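> Shown below is the structure under consideration.
The values are calculated or read from the model by the stated rules, or taken from the named source; none is laboratory data. None of these values were measured; they are calculated from a predicted model. Glycine also receives a Cβ, built like all others from the backbone with ideal geometry; neighbour counts cover every protein chain displayed. Note: areas computed on protein heavy atoms with side chains; ligands, DNA, RNA excluded. Shrake-Rupley method; radii C 1.70, N 1.55, O 1.52, S 1.80 Å.
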Amino acid sequence: MKVYGMDFTSAPRRKKPITYAECTLENGVLQVNNLGYFENFNQFEDFLDNEGDWILGIDFPFSQPRKLLTNLELPLSWEGYVEIIAKMDKQAFEDMLTEYSHSRPKGDKHHFRVTDKKAKSCSPMTLYGTPVGKMFYQGAPRLLKSRVSILPSRPINGSRIVVEAYPKLVAMKWIGKHGYKNNAKKKQTDEQKTARSEIVRGLCSGELQSYYGFDIELSEKLRAALIEDPTGDYLDALLCAVQTGWAYEQRDQGYGIPSDCDPLEGWIVDPDLLD
């Protein structure tokens with residue numbers, strides 16, 4: 001099975017592209033075949049149109065919290081509210097979230113999905129720092145427009161499947177809360193490179209089997225590329241592929257997504273979130 005992991009950005013360009021890891025999962029081995037990138041959204045959309053059997057995990061929130069949608073009186077279906085947001089321009093969407101947050105009492109300005117709380121990830125409403133709200137705005141409407149099956153929010157019959165991933169959950173298994181990347185050149189350190197090396201070592205060890213149920217095969221050239229990239233974007237793409245491969249192996253159990261998951265909010269695929 002073709003398995004892809006993708007590290008998303010809300011403003012792809014040459015210096016900060018969307019990166020991906022292209023893999024094959026067979027007989028308990030995730031073979032990493034290639035690392036690549038998209039410099040614009042047209043290339044991302046073209047990728048989603050690729051025919052064939054594949055599963056892709058992407059690192060951005062596909063959905064917003066039910067509490068936000070209810071309070072804003074948006075449709076309580078994934079397709080319904082994403083379609084409305086897709087018709088907004090970028091500034092209007094950001095203004096909507098900002099004005100809503102300002103109207104909320106302290107401690108209740110940003111809401112979380114159930115899966116965010118379990119993963120300890122930031123709110124999908126976040127526009128600054130790690131601007132996952134901007135990623136949602138750029139990514140979710142493009143997923144809606146595509147003909148892929150989006151689990152669990154828009155499952156359709158077909159051989160192209162997309163799930164939500166969160167690479168930090170994989171990285172933490174070997175480095176805990178230590179940092180391993182930074183986009184700002186002045187903040188890139190030798191300690192981060194050491195952390196990336198430790199993550200790659202863990203991925204290529206038998207330890208991965210105990211966590212995700214398969215091993216990885218990775219060439220020395222690709223291993224070096226993952227360690228040497230100070231932004232961590234390629235490594236994040238591979239970590240997403242690991243979670244995606246695990247989800248595919250759980251396909252007979254709902255791709256690792258709980259049966260009581262709220263499709264309005266979606267789910268991050270990782271075994272730790274099922275505990």
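> What are the residues in the stretch 8-37 that are in a strand (DSSP E or B), open to solvent by less than 50 Å² (accessible area, probe 1.4 Å) and aromatic (Phe, Trp, Tyr), if any?
Tyr20
> Also, quick follow-up: Just the residues that are touching a residue at least 24 places away in the same chain (Cβ under 8 Å), in a loop (DSSP other than H, G, I, E, B) and open to solvent by 20 Å² or more (accessible area, probe 1.4 Å), please, taken from the stretch 185-217.
Once the filter is applied, which keeps residues that are touching a residue at least 24 places away in the same chain (Cβ under 8 Å), in a loop (DSSP other than H, G, I, E, B) and open to solvent by 20 Å² or more (accessible area, probe 1.4 Å), the stretch 185-217 yields Gln188, Gly213.
> Then there is this: Whether any residue in the stretch 247-256 is touching a residue at least 40 places away in the same chain (Cβ under 8 Å), open to solvent by 30 Å² or more (accessible area, probe 1.4 Å), part of a loop (DSSP other than H, G, I, E, B) and of a type in the set (D, E, K, R) is what I want to check. Reasoning before the result, please.
Within the stretch 247-256, the subset touching a residue at least 40 places away in the same chain (Cβ under 8 Å) is 247-249, 254-255.
The next check asks that each one be open to solvent by 30 Å² or more (accessible area, probe 1.4 Å); those that pass are 248-249, 254-255.
Right, trim to part of a loop (DSSP other than H, G, I, E, B) and you get none.
No, the stretch 247-256 contains no residue that is touching a residue at least 40 places away in the same chain (Cβ under 8 Å), open to solvent by 30 Å² or more (accessible area, probe 1.4 Å), part of a loop (DSSP other than H, G, I, E, B) and of a type in the set (D, E, K, R).
> Additional query: How many of the residues in the stretch 98-118 are assigned to a helix (DSSP H, G or I) and touching a helix residue (DSSP H, G or I) at 6+ places or on another chain (Cβ under 6 Å)?
1
> If I go through the stretch 48-69 residue by residue, how many of them are closer than 18 Å to Phe136 by Cα and out of contact with any strand residue (DSSP E or B) (no Cβ under 6 Å at 6 or more places or on another chain)? Full working, then the answer.
Keep residues of the stretch 48-69 that are closer than 18 Å to Phe136 by Cα, which gives 48, 56-69.
Going one step further and asking which of them are out of contact with any strand residue (DSSP E or B) (no Cβ under 6 Å at 6 or more places or on another chain), we end up with 48, 60-61, 63-69.
Total meeting the criteria: 10.
> I want to confirm something. Restricting to the stretch 119-153 and keeping residues that are under 18 Å from Ile85 (Cβ atoms) and among the hydroxyl-bearing types (Ser, Thr, Tyr), which single residue is surrounded by the fewest Cβ atoms within 10 Å (Cβ to Cβ)? Step through it out loud before you land on a result.
Residues of the stretch 119-153 that are under 18 Å from Ile85 (Cβ atoms), as a first pass: 123-127, 131-146, 150, 153.
Then drop every residue that is not among the hydroxyl-bearing types (Ser, Thr, Tyr), which leaves 123, 126, 137, 146, 153.
Working: Ser123: 21, Thr126: 19, Tyr137: 23, Ser146: 17, Ser153: 24.
This residue is Ser146.
> Separate question: Contact list please: Cβ distance under 6 Å, first residue in the stretch 93-104 and within 19 Å of Gly139 (Cα to Cα) and aliphatic (A, V, I, L, M), second residue modelled with pLDDT of 95 or more and not in a helix (DSSP H, G or I), pairs at least six apart or on different chains.
Final answer for the pair search is Leu97/Met125.
> Can you tell me which of Asp260, Asp272 is open to solvent by 70 Å² or more (accessible area, probe 1.4 Å) and either part of a loop (DSSP other than H, G, I, E, B) or touching a strand residue (DSSP E or B) at 6+ places or on another chain (Cβ under 8 Å) (or both)?
Answer to the check: Asp260.
> Further, regarding this structure: For the stretch 154-174, does any single residue satisfy the condition of being open to solvent by 60 Å² or more (accessible area, probe 1.4 Å), assigned to a helix (DSSP H, G or I) and more than 20 Å from Ala11 (Cβ to Cβ)?
Yes, the stretch 154-174 contains a residue that is open to solvent by 60 Å² or more (accessible area, probe 1.4 Å), assigned to a helix (DSSP H, G or I) and more than 20 Å from Ala11 (Cβ to Cβ).
> Evaluate the following for Thr244: is it buried (at least 18 other Cβ atoms within 10 Å of the Cβ) and assigned to a helix (DSSP H, G or I)?
Values: buried (at least 18 other Cβ atoms within 10 Å of the Cβ): yes; assigned to a helix (DSSP H, G or I): yes.
Yes, satisfied.
> Next up: Within the stretch 218-241, can you find the residues that are in contact with a Phe, Trp or Tyr (Cβ under 7 Å, 6 or more places away or on another chain) and open to solvent by 20 Å² or more (accessible area, probe 1.4 Å)?
Ala225
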